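Each remark here refers to the structure printed beneath this line.
The values are calculated or read from the model by the stated rules, or taken from the named source; none is laboratory data. Bear in mind the structure is a predicted one, so any value in this text is a computation, not a measurement. Neighbour counts run over all protein chains shown; Cβ positions are idealised from the backbone, glycine included. Surface areas here come from the heavy atoms of the whole protein model, side chains and all, with no ligands, DNA or RNA. Shrake-Rupley method; radii C 1.70, N 1.55, O 1.52, S 1.80 Å.
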Amino acid sequence: MNSQLKAFFQLIRWPNLLMIVFTQMMLNYLVIGHLFKLIHLEMPLASLDFGLLVLSTVFMAAFGYIFNDVMDEDVDEINKSEKRIIGKKISRVSGLLAGRVFLILALAPALYLSIKLEMIQLFFIHLAIAGGLWYYSIYLKKIILIGNIVISLFTGFSVLIVWMYQLVALRQDPMLMVDALKITAFIGNVVLLYSVFAFIISMIREIVKDMEDVEGDQQTGMKTFIIKFGLNKTKLLTYSLLIMMLSLLSIAIYISYSYDWQKLAIYLMVAVGIPIIYFFMNLKTAQEKKDFKDLSLLAKIIMIAGILSMQLFYISYGT
């Protein structure tokens, strides 16, 4: 029973789910909530409703992980036979059932929120995400770069959706909307910056994982970028994304210095900038599966460091 439970938590990638919860809570309370509090306004979206949004996002991600593993059963048998869960620790049928349960758990709070906020379009966005994850697992991940882009877009959108729901709730109170106009554009820019950061680092990690899994992908007929264009061109693509991330980081550091947020600027240079440069240097010599596995872990560390910068934003702005 304990081994089955452990396998289940591994299947839903519980550390990744915790990261989603952590990111959305940090953004909601340390960035959005903090800026509303500075102008003496309550956040438009109630805490309970925000909790339902987080649950919907997390359950949707769990559905995506499970369904993708079910569809990847043959690939995982080659790429990670010892760590494979579907078909080894949990049956394919049980995996599909668990995926359906998580999909329902994801859509139920989304439907409730869309009705409460009087915008049914929100529910259709969640439906579109579910369809996108399903289509990705079956078809899109087999198309060069398209699958990587889709997953990275979902990662970035998991950040953006928090502010989107706050804006929808804001429109229900015209008086609050007028009072909040002085900060909405600034919040939107900050959230967009974090969302783009999440997209780029996710894209880098997806491509590195393709480099790590190239053997199994080749044997199962996958058409990833590295299979089509080779290792050197794949590294060039990754370098391009790293340069984009460094450019984005430079903008964030410049803004921090212009607002006299010294601690945030230093943090971004040290905790985010140095690991990116280290990644850049180690990518050049990476050749083996273990090298790319280490780079994938480093990408996740960079992502966490970026999320933690929200704490420095909270400390620096208005305190």
Study note, to complete from the structure: If one builds a Gaussian network model of the chain from Cα atoms under 10 Å apart, the most fluctuating residue listed among Met211, Met175, Met43 is Met175
Exercise for review: Using only the Cα atoms of the stretch 120-163, build the gyration tensor, take square roots of its eigenvalues as a ≥ b ≥ c, and label the shape rounded, prolate or oblate: rounded if a/c is under 1.5, else prolate if a/b is larger than b/c, else oblate.
Suggested key: oblate
Check your understanding: For Ser91 and Ile143, what does the FRET efficiency come to when R0 = 30 Å and r is the distance between their Cβ atoms, rounded to the nearest 0.05?
Key -> 0.55
**Study point:** GNM result for the chain, Cα springs below 10 Å: residue of Gly87, Gly273, Gly156 fluctuating most strongly
**Key:** Gly87
Check your understanding: What longest region of the chain stays clear of GluC sites (Glu not before Pro) that DSSP places outside H, G, I, E and B and that have at most 14 other Cβ atoms within 10 Å?
Key -> 119-287
Check your understanding: Rounded to the nearest 10 Å², what accessible area does Arg205 show when all protein chains are kept and the probe is 1.4 Å?
Key -> 50 Å²
Check your understanding: Listed here are the pairs Lys6/Lys263; Lys6/Lys290; Lys233/Lys290; which of them are more than 28 Å apart at the Cα?
Key -> Lys6/Lys263
Review point. Over the chain, with a single point scatterer placed on each C-alpha, what log10 of the ratio I(q)/I(0) does the Debye formula yield at q = 0.07, 0.11, 0.12 1/Å?
Key: -0.30, -0.75, -0.88
Check your understanding: Remind me, relative contact order of the stretch 141-271 in percent, using alpha carbon pairs under 8 angstrom and six or more residues apart?
Key -> 29 percent
Exercise for review: Name the helices (complete DSSP H segments) of the chain with a Cα length along the long axis of 27 Å or more and a Kyte-Doolittle mean of at least 1.0, or state none.
Suggested key: 47-71, 92-116, 146-170, 174-212, 231-258
Review point. What whole number of Å gives the distance from the Cα centroid of the stretch 235-306 to the Cα centroid of the stretch 127-159?
Key: 24 Å
Exercise for review: Sum -39500 (n - 2.57) across every DSSP H segment of at least 4 residues in the chain, then divide by the residue count to get the 222 nm mean residue ellipticity, nearest 500.
Suggested key: -26500 deg cm²/dmol
Exercise for review: Between Ile120 and Ser250, with labels modelled 7 Å along Cα→Cβ, what's the label distance in nm to one decimal, could you check?
Suggested key: 4.9 nm
**Study point:** Over the stretch 7-156, relative contact order from alpha-carbon pairs under 8 Å, at least 6 apart, %
**Key:** 25 percent
Review point. Taking square-rooted eigenvalues a ≥ b ≥ c of the alpha carbon gyration tensor, is the stretch 140-280 rounded, prolate or oblate, where a/c under 1.5 means rounded and, failing that, a/b exceeding b/c means prolate?
Key: oblate
Review point. If you place +1 on the Cβ of every Lys and Arg and -1 on the Cβ of every Asp and Glu, how big does the dipole about the Cα centre of the chain come out, in debye to the nearest 20?
Key: 380 debye
Review point. Over the chain, what is the mean sequence separation of C-alpha contacts under 8 Å (at least six apart), divided by residue count, expressed as relative contact order in percent?
Key: 21 percent
**Study point:** Sequence-distant lysines (8 or more away, or on other chains) whose Cα lies within less than 22 Å of Lys182
**Key:** Lys37
Practice item. List, in the order given, every pair from Lys88/Lys116; Lys141/Lys284; Lys142/Lys293; Lys89/Lys284 whose Cα-Cα distance in the structure shown is over 31 Å. Key: Lys88/Lys116; Lys89/Lys284
